[in-house]
1. Which ones in region 119-142 are under 14 Å from the mean Cα position of the chain (by Cα) and either at positive phi or of a type in the set (Lys, Arg) (or both)?
2. I'm trying to understand the selection: among the residues of region 111-134, which are within 17 Å of Leu92 (Cβ to Cβ) and charged (D, E, K, R)?
3. So, in region 48-74, of the ones that are in contact (Cβ under 8 Å) with a residue 12 or more places away in the chain and within 29 Å of Glu100 (Cα to Cα), which residue ends up nearest to the chain's Cα centre (by Cα)?
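Just so it is clear, none of the values below were taken in a lab; they were calculated from the coordinates. Quick caveat: nothing in here was measured; it's all calculated off a predicted structure. Cβ placement follows ideal geometry from the backbone for every residue including glycine, while neighbour counts extend to all protein chains displayed.
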Amino acid sequence: MLSIFAITRTAQQIVRLRAGKDEAKSASHFLAWLSTEKLVILAMLADAGVEALILTRAVDKEDVASEDLPFLLRGLMQRITMMFVDGGAVELGHTKWLLEALRQHPVIVYHRGNVKQLGSYQGVPQAVIDNALNRMACWARV
């Protein structure tokens, strides 16, 4: 997540400098796809990935006791429920960082003659955060 702003600027440069080439088409597709909500979802997915990695590291040992698995899984479920169902993700990790970064440094994307703003000085709208949390809550329930 920390490099999303550099990735966005790089994609704009690719579109400009490599016009008509496959890489410019791919970068253009990425810029058209990009939105504030998708960035928030990506940050939440990064946080979910950290939680999955914690579980993976805990069980990726030859001496892990099988009776510990329910405890470890319950811990994962409690954390992702707190993050995505109860909305705690906005105060943690990648999601907190991104929301603050989009408030302090909104990104302007020029694409196909249009201007798209990612974030704002007023912060990411609560409706955008709620939509992202709803999607991640569905994932948490699965």
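1. Within region 119-142, Gly119, Arg135 qualify.
2. Listed by number, the list holds a single entry, Asp130.
3. Ala48
Condition check ((1) within 13 Å of the chain's Cα centre (by Cα); (2) acidic (Asp, Glu); (3) over 18 Å from Ile7 (Cα atoms)) across all residues:
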site: Glu23; (1), (2), (3): no, yes, no
site: Glu37; (1), (2), (3): yes, yes, no
site: Ala46; (1), (2), (3): yes, no, no
site: His111; (1), (2), (3): no, no, no
